[in-house]
Amino acid sequence: MGSRGVDPARLARVRAATQLLHRPTAAKDPAEVARAIGGAQAQDVYAGPLQFRSRSRSLTAADIQRARTEERSLLRIWVMRMTIHLIPTEDAAWWLPLFEPEIARWQRRRLGEFGMAARDVDKALAVIARALADEGPMTRAEARKRVEKAGMKLTTQTGMHIAGLAVTSGVACLGPDRGRQTCLVRREDWIGKLPKVDRDTGLAELARVYVRAFAPTTDRDFAYWSGLGLREVRFGLEGIASEIEEVRVGEETMLAPRGGLARLPRGGQVRMLGNFDTYLLGWKDRTFSVAGEHAIHVKEGGGGWIRPVIVEDGIVVGGWRSSRKGRLEVSLNLPKAERERLGAAIEAEIADIARFEGVEATIA
């Protein structure tokens, strides 16, 4: 479709296509998918990988695990909005410096508020760095024990923030898994020595990723998604001015890659999205995809928890929940008429989630 204008009634379909929710056949490489969608929020160990299933017909949870822990083409790290994401490791050199310093400053402030002196924070980081260099990967609990053995008492809160600061200060990465726990690992051992990238270049790269992943969009949406200030995101957009163009969406002017938006796939695309799916996090205003009666399916109360939802052509039509007790049990929060209308598509989605995770699935 052309990029001169978008009918607001079709905005959800366009944005869903930009986010690869039609699952194009070319979406096979985990790192490329992560880049194409602007990173996958991944503090939830099940929901993070599910974002790849929603965008690829062939990838499995094992593929995402392999990309993260064996190939190391995916990196699990704190970036946008001070939350954990899966991003392409090869983009880490410009991506991390945009976010880690501010997150590290915040973590240091929190440690001070919890009563930990700055000299003890630095000493704890040195202990963890030495332990990772000498002993290799270790769980956060093991890192805490090394710090306490060196004479510093940690609480639950200070232990959590020290482990996080070890990552955001550049000492460590979130690396291999041990059971259901992700280990800290020495950063240089895990992803090598990263080249230095200046902030201006990094902002332009982030703007390029964002516009390609969320167009049509605005600078204020970019600021919301990234957690950066308007001045910085606008500077990044200026750095790729030759690659983007304005498009009209009703009465509003938005931004898109120069040369056109994604082609619309066939209608009737139904997807079951997990917690914190990036499709629901890329724009400040979700009303294009979430009607008032369905807002409860997305977010409850004033917290930041984004729930699993069912979307049809990018429009939220209901919610779902799951439990994993040897098998995947799915329950649907969907009006009876919608459940009957979308029954075959939803059953196909549940079967595909089972395929992705390598488990049996049932509808509760």
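Once backbone amide H atoms are built at 1.01 Å from N, T182 has no partners under 5 Å, excluding neighbours fewer than 5 places away on the same chain.
Considering only A213, V171, G319, the residue lying farthest towards the positive end of the dipole of the chain is V171, judged by Cα position with unit charges set on Cβ.
Taking a sphere under 10 Å around the Cβ of G136 and counting the other residues whose Cβ falls inside, with K and R at +1 and D and E at -1, yields a net charge of -2.
Between A117 and S323, how high is the FRET efficiency from 1/(1 + (r/R0)^6) when r is the Cβ-Cβ distance and R₀ = 35 Å? Nearest 0.05.
On the way: r = 44 Å, r/R0 = 1.25.
Efficiency, from the Cβ-Cβ distance: 0.20.
Rounded to the nearest whole angstrom, the semi-axes of the ellipsoid equivalent to the chain, taken from the Cα gyration tensor as √(5λ), stand at 36, 26, 18, largest first. Taking S73, S242, S169 in turn, the Gaussian network model of the chain (Cα-Cα springs below 10 Å) assigns the largest fluctuation to S242. The amide H of I306, built 1.01 Å from its N in the peptide plane, has F276 as neighbours under 5 Å, considering only residues 5 or more places off or on other chains. The local environment of Q107, defined by Cβ-Cβ distances under 12 Å, has a net charge of +1 under the rule Lys, Arg +1 and Asp, Glu -1. Working ranking of peptides 148-160, 204-216, 349-361, 7-19 by packing, defined as the average number of other Cβ atoms within 10 Å per residue, highest first, is 204-216, 7-19, 349-361, 148-160. Within the shell defined by Cβ-Cβ distances under 15 Å, the residues around C173 carry a net charge of 0, with Lys and Arg each +1 and Asp and Glu each -1. Under a 5 Å amide H cut-off, with hydrogens placed 1.01 Å from N, Q43 pairs with I84 among residues at least 5 apart or on other chains.
At the listed q of 0.32 Å⁻¹, the Debye profile of segment 123-167, built from one uniform point per Cα, gives log10 I(q)/I(0) equal to -1.37. Computed from the C-alpha gyration tensor, the three semi-axes of the ellipsoid equivalent to segment 73-129 are 25, 13, 9 Å, from longest to shortest.
Can you give the helix-only mean residue ellipticity at 222 nm for the chain, where every DSSP H stretch with n ≥ 4 adds -39500 (n - 2.57) and the sum goes over all residues, rounded to the nearest 500 deg cm²/dmol? Mind showing how you got there, number by number?
Details: 15 runs with 158 residues, N = 364.
Counting only the DSSP helices, I get -13000 deg cm²/dmol.
Just so you know, the Rg over Rh for segment 28-112 is 1.02, from Cα atoms, with Rh as the Kirkwood radius. Roughly how far apart, in whole Å, are the Cα centres of segment 101-139 and segment 13-50? That distance is 33 Å.
All of the numbers you see were taken from the coordinates with simple rules; none came from a lab. All values derive from a computational prediction rather than experimental measurement. Backbone-built Cβ (ideal geometry, glycine too); neighbour counts: all protein chains shown.
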